[in-house]
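Novice: I am attaching a structure below and will ask some questions about it afterwards.
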There are 2 protein chains.
Amino acid sequence: MARTLDFFFFYGSIHAYLSVMRIAAVAAPRGIEIRWRPFNLRAILIEQNNTAFARNPVRLAYNWRDIARRAARLGVAFTGPAPYPADPDLLALRVGTVAAHEGWCDAYTRATFAAWFLDRRVAGLPENVEHVLAELKRPAADILARAAAPETADRLAVETDAARALGIFGSPTFAVGSEIFWGDDRLDDAIAFASS
Amino acid sequence: MARTLDFFFFYGSIHAYLSVMRIAAVAAPRGIEIRWRPFNLRAILIEQNNTAFARNPVRLAYNWRDIARRAARLGVAFTGPAPYPADPDLLALRVGTVAAHEGWCDAYTRATFAAWFLDRRVAGLPENVEHVLAELKRPAADILARAAAPETADRLAVETDAARALGIFGSPTFAVGSEIFWGDDRLDDAIAFASS
């Protein structure tokens, strides 16, 4: 039976970048299947009154330094702090929810984060979402219509409920069954746990 | 010339436990000198409006799980969540400031965290501070008087200012010059940086 790791992430999260870019390469040699599970972290942060970090320049400066150091060590492309915040209207997230349902979330998410971090195209701005969809040769008008449909909102709510039920409070979080691992720096631990 | 790593930590921080217990063993073989620098993290957290995490049971539950997993992997004794919060009146911190000035902060801090985590003697309660000092064969009455003296408050303010100037916002944080590393999970990175 294939071992599975649930990859919960949010498109507005700068911390998800490293994991988005490297998780496939890390998981494949171990025979671990990744389930890409975008969820509405913003809703959970607001529920938990856990939003002050986004307005804390000291902490944000450290986070960028930490990402830069880790990117260099992990061999992930990084060209300096990306524009932040991102995905203001959750459009990248809603399209990601469609993509996850249809099985192309990995390619869509990598393209979205690469565009954001490397080309400075902020995740979730309509023109940037369309640019990513064009790059993937996906029909933008059709997908944007589905992203706005009630069944997508329902699917997103289900995934956010699943994250909440697991005790998830940040992005990225890796889940193996009910065991959760928060942060790109716990990806190797999560992979090892999934392999054991 | 001896390489030096500044170890900034707070006695009310559960995340400092693993570093307190293992930093000497990690640094010694690399010939790195550790400077134990207790500081008033609480003041900085309040300044940064970064105190919600202490009232977030979801996040706290995860943090304990993370500490348990890491303690097992690192071979650090751990017997379950310790009583929290701790050091309510900063007494452990003020005694630690005296100890740092006099060169016995390492032994005092290890004893304080071991008592808190393994014997459930909450750091900073007067009877627990006295118990630790007795264990170390230090004159409690004399040290408590010095901990309450203005020069100790001044020294603590200087250290807290130093932490603030470095951009420190959490405990433990390791500094090598102006390069900072937050969290026990960055200790090895900090040691490598200090060795390079």
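Novice: Tell me which residues, restricted to region A:57-72, are at the interface with chain B (Cβ under 8 Å from one of its Cβ atoms) and either of a type in the set (Asp, Glu) or touching a helix residue (DSSP H, G or I) at 6+ places or on another chain (Cβ under 8 Å) (or both).
Specialist: The answer is A:ARG59, A:ASP66, A:ARG69.
Novice: Write out, first by first residue and then by second, each pair whose Cβ atoms fall under 7 Å of each other, whose residues are 6+ apart or on separate chains, and whose first residue, in region B:49-74, is closer than 17 Å to A:ASP185 by Cβ while the second is of a type outside the set (D, E, K, R) and part of a helix (DSSP H, G or I).
Specialist: Going by the 7 Å Cβ cut-off, the qualifying pairs are B:ARG59/B:PHE53; B:ILE67/B:TYR17; B:ILE67/B:LEU18; B:ARG70/B:LEU18; B:ALA71/B:LEU18; B:LEU74/B:LEU18.
Novice: Looking at region B:89-98, which of its residues are in contact (Cβ under 8 Å) with a residue 40 or more places away in the chain and either more than 14 Å from B:TYR17 (Cβ to Cβ) or surrounded by fewer than 19 Cβ atoms within 10 Å (Cβ to Cβ) (or both)?
Specialist: Those that are in contact (Cβ under 8 Å) with a residue 40 or more places away in the chain and either more than 14 Å from B:TYR17 (Cβ to Cβ) or surrounded by fewer than 19 Cβ atoms within 10 Å (Cβ to Cβ) (or both): B:LEU90, B:LEU91, B:LEU93, B:ARG94, B:VAL95, B:GLY96, B:THR97, B:VAL98.
Novice: Follow-up. Do we find a residue being within 18 Å of B:ASP154 (Cβ to Cβ) and not aromatic (Phe, Trp, Tyr) anywhere in region B:76-84?
Specialist: no
Novice: Could you pull out the residue among B:ALA82, B:ALA71, B:ALA107 that is within 26 Å of B:ALA27 (Cβ to Cβ), touching a Lys or Arg at 6+ places or on another chain (Cβ under 7 Å), among the small types (Gly, Ala, Ser) and surrounded by 16 or more Cβ atoms within 10 Å (Cβ to Cβ)?
Specialist: None of the others qualify; the one that does is B:ALA82.
Novice: Determine whether region A:74-92 contains at least one residue that is within 14 Å of chain B (Cβ to nearest Cβ) and farther than 28 Å from B:PRO57 by Cα. Give the steps one after another, and end with the answer.
Specialist: Residues of region A:74-92 within 14 Å of chain B (Cβ to nearest Cβ): A:74.
Now narrow it down to the ones that are farther than 28 Å from B:PRO57 by Cα: A:74.
Yes, region A:74-92 has at least one match.
Novice: Which condition breaks for B:ALA153 when tested against (1) surrounded by fewer than 17 Cβ atoms within 10 Å (Cβ to Cβ); (2) within 14 Å of chain A (Cβ to nearest Cβ); (3) modelled with pLDDT of 95 or more?
Specialist: (2)
Novice: Sticking with this structure for a sec: Identify all residues within region A:110-121 that are surrounded by 20 or more Cβ atoms within 10 Å (Cβ to Cβ) and outside any helix (DSSP H, G or I); write none if there are none.
Specialist: A:ARG121
Novice: Say we look at region B:158-196 and pick out the residues that are more than 13 Å from chain A (Cβ to nearest Cβ) and without any contact (Cβ under 8 Å) to a residue 12 or more places away in the chain; which of these is farthest from B:VAL98 (Cα to Cα)?
Specialist: Top of the filtered list is B:GLY177.
Novice: Could you please let me know if B:ALA54 is small (Gly, Ala, Ser) and assigned to a loop (DSSP other than H, G, I, E, B)? Steps first, answer last, please.
Specialist: Details: small (Gly, Ala, Ser): yes; assigned to a loop (DSSP other than H, G, I, E, B): no.
So B:ALA54 fails the test.
Novice: If you don't mind, another one. Any residue that is part of a helix (DSSP H, G or I), under 19 Å from A:ALA43 (Cβ atoms) and either out of contact with any strand residue (DSSP E or B) (no Cβ under 8 Å at 6 or more places or on another chain) or charged (D, E, K, R) (or both) - is there at least one of those in region A:132-143?
Specialist: No, the conditions are met nowhere in region A:132-143.
Novice: Inspect region B:38-56 for any residue being away from chain A (no Cβ under 13 Å), out of contact with any Ser or Thr (no Cβ under 9 Å at 6 or more places or on another chain) and surrounded by 13 or more Cβ atoms within 10 Å (Cβ to Cβ) and give the result as yes or no.
Specialist: Within region B:38-56 (the criterion being away from chain A (no Cβ under 13 Å), out of contact with any Ser or Thr (no Cβ under 9 Å at 6 or more places or on another chain) and surrounded by 13 or more Cβ atoms within 10 Å (Cβ to Cβ)), the answer is no, since none of the residues qualifies.
To keep it simple, each residue is scored yes or no on (1) at pLDDT 95 or above; (2) in contact with a Lys or Arg (Cβ under 8 Å, 6 or more places away or on another chain); (3) part of a helix (DSSP H, G or I); (4) within 15 Å of A:GLY167 (Cα to Cα).
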{"position": "A:PHE8", "(1), (2), (3), (4)": "yes, yes, no, yes"}
{"position": "A:SER19", "(1), (2), (3), (4)": "yes, no, yes, no"}
{"position": "A:ALA25", "(1), (2), (3), (4)": "yes, no, yes, no"}
{"position": "A:ARG35", "(1), (2), (3), (4)": "yes, no, no, no"}
{"position": "A:ARG42", "(1), (2), (3), (4)": "yes, no, yes, yes"}
{"position": "A:LEU45", "(1), (2), (3), (4)": "no, no, yes, yes"}
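Okay, residues lined up against (1) over 27 Å from B:ALA72 (Cβ atoms); (2) of a type in the set (D, E, K, R); (3) assigned to a helix (DSSP H, G or I):
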{"position": "B:ALA92", "(1), (2), (3)": "no, no, yes"}
{"position": "B:HIS101", "(1), (2), (3)": "yes, no, yes"}
{"position": "B:GLU127", "(1), (2), (3)": "yes, yes, yes"}
{"position": "B:ARG164", "(1), (2), (3)": "yes, yes, yes"}
{"position": "B:PHE181", "(1), (2), (3)": "no, no, no"}
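The values are calculated or read from the model by the stated rules, or taken from the named source; none is laboratory data. Since we're looking at a predicted model, the values are computed, not measured. Note that each Cβ is placed from the backbone with ideal geometry, even for glycine, and that neighbours are counted across all protein chains shown.
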